[in-house]
Amino acid sequence: MSAFPLSDLTSSLRVAPGPVDLGAIETDVAPGFDGDKKAGTAALEALGPDLAELQERLFAEGKAGGQRTILLVLQGMDTSGKGGTLRSTVGLMDPQGVRITSFKAPTEEERAHDFLWRITRALPPVGLIGVFDRSHYEDVLIARVRSLAPPEEIERRYEAISAWEADLVERGTTVIKCMLHISAAEQKERLLARLDDETKHWKYNPGDVDERALWPAYQEAYEIAIERTNTEVAPWHVIPADKKWYRNLAIGTLLHDALRSFDLGWPKADFDVQRERQRLLDEKPL
């Protein structure tokens, strides 16, 4: 268990009902945590063992007939740190108990179905933690900004998403939705850093510069999507992401809180433990 007080962190990130103004939410702060980078990194490291054990308990429960899962949805502008979160936070857990899906542009087959068809196919089995690197929200974000669907279809999708998520929760999935909130200035610095390092040229996409011209439109699209789909059963969290260490700690804490809320024990043996022990002790040498 972390030695650092993290009780206020989760509540400080949860989006309140009503209109959302991302411009009023700072990106270079660490709400709910009083420490600096060194303390934040240590806090996440201290959280790691407990996070890993709780995830293993969830996995074991799934093998024993449990119905619970966690779905972590990561959304954010390019360079906001979705990949970094996967390495630094999700990477603290056993990969056998995690399923990561990165959604790209839909294929021809996927476009032939409703937009939630391919998302549903990627849901984690019981006992696992699913992570969506981008998600169904692309269908109301880039689709809105780039006019990839008629306005009435975009409107339909907000309601469809909320209904779909409510159904997931009803069936045992805890949905953790995180918008990694970075500033345009920080994104510029991260893009420049990629250009300055030849080992990161493969991560650079010239199209990212073109998308920067649409920054206000994307911010508006995020505000609308968050407001329209911010429900009691599947709330949104806006994570200030200019500080990479805080971003990682925040998401680690959200995952830890969700797992801890399950009050997970270890499944009871469905066999006679003492009999199996004796069988092994009585076994002739092989």
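Taking the range 18-35 as the region of interest, how many residues are farther than 20 Å from Gly76 by Cα and either touching a Lys or Arg at 6+ places or on another chain (Cβ under 9 Å) or open to solvent by 90 Å² or more (accessible area, probe 1.4 Å) (or both)?
1
Do we have Asp167 as outside any strand (DSSP E or B) and open to solvent by less than 60 Å² (accessible area, probe 1.4 Å) here?
So Asp167 does not fit the description; no.
May I ask you to list the residues in the range 239-272 that are open to solvent by 70 Å² or more (accessible area, probe 1.4 Å) and of a type outside the set (Lys, Arg)?
Hits for the range 239-272 are Ser261, Asp263, Trp266, Asp270, Phe271, Asp272.
Going through the range 142-162 one residue at a time, which ones are open to solvent by less than 20 Å² (accessible area, probe 1.4 Å) and either closer than 17 Å to Glu110 by Cβ or not aliphatic (A, V, I, L, M) (or both)?
Passing the criteria: Ala143, Ala149, Tyr158, Ile161.
Taking the range 36-65 as the region of interest, how many residues are open to solvent by 40 Å² or more (accessible area, probe 1.4 Å) and touching a strand residue (DSSP E or B) at 6+ places or on another chain (Cβ under 9 Å)?
Qualifying residue count for the region: 1.
What's the number of the only condition in (1) free of Cβ contacts under 8 Å to residues at least 40 places away in the same chain; (2) over 30 Å from Leu128 (Cβ atoms) that Trp202 fails to meet?
(2)
Being under 30 Å from Gly265 (Cα atoms) and open to solvent by less than 50 Å² (accessible area, probe 1.4 Å) is the filter here; which residues of the range 106-141 pass it?
Selection gives Ala122, Leu123, Pro124, Gly127, Leu128, Ile129, Gly130, Val131, Phe132, Asp133.
Filter the range 202-219 for residues that are modelled with pLDDT of 95 or more and in contact with a Leu (Cβ under 9 Å, 6 or more places away or on another chain); which is farthest from Arg146 (Cα to Cα)?
Gln219
The values are calculated or read from the model by the stated rules, or taken from the named source; none is laboratory data. Bear in mind that the values here come from a model prediction, so they are computed numbers and not experimental data. No Cβ is skipped: glycine too gets one built from the backbone with ideal geometry, and neighbour counts run over all protein chains shown. Calculation scope for accessible area: heavy atoms of the full protein, side chains included, ligands and nucleic acids excluded. Shrake-Rupley method; radii C 1.70, N 1.55, O 1.52, S 1.80 Å.
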